[in-house]
1. So with the 1.4 Å probe, I'd like the accessible area per residue for the stretch 45-146, rounded to whole Å².
2. Modelling each spin label as a point 7 Å along the Cα-to-Cβ direction, I'd like the LEU136/SER87 distance in nm, to one decimal.
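The values are calculated or read from the model by the stated rules, or taken from the named source; none is laboratory data. Keep in mind that this is a model prediction, so the values were computed, not measured. Virtual Cβ from ideal backbone geometry, glycine too; neighbours counted across all protein chains shown. Keep in mind that these areas ignore ligands, DNA and RNA; they rest on the heavy atoms of the full protein, side chains included. Shrake-Rupley method; radii C 1.70, N 1.55, O 1.52, S 1.80 Å.
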Amino acid sequence: MNTVTGKDGQVPSVVAGTATMGWWTPRGYLGGLTLSNDVGTPNTVLDISIGEAADSTNSYVMKLASAFTKNMNAAFASGTGNGGLWSGTLAANTWYTVYLIRKTSDGSVDIYADTSVSAANIPSGYSAFRRIGSFLTTAGSAIVPFLQLGDSFTWMNPQSNLNGDITGTG
């Protein structure tokens, strides 16, 4: 693919026939793609709203045209309603990063979660990615209930994320 670089590192936003914000997409663009605990299965399933984002290299604009639901307690399988975890099942007291990913062969997009903050375990056949959020699990391996408003994530039940003693002199 030939990439046309515009002013200030912006790239054309026309990808697979879709356009975003006119012709140029700002570096790091992210719109929509709000994460939420699923109403029916909040401990293991995430809902992702429609939206679009520039990938981490600003080469593609990836568009999620319909809302997705992903079971984060099952290994990744493409498509809504399927597994979203890179491998295995949810671990206790663990941070996961949620990514919008683009399939190399046909440009389709999907969602997956990983313990890697750099998408080191991106599913086979996918190459472009963009971090869209993160979540934490409890001691019982359940997704901590949260509310996302824009770029802010608020835990519905306050969490202690402290490990060890705090000591100091003064």
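1. 38
2. My value for the distance between the label points is 2.5 nm.
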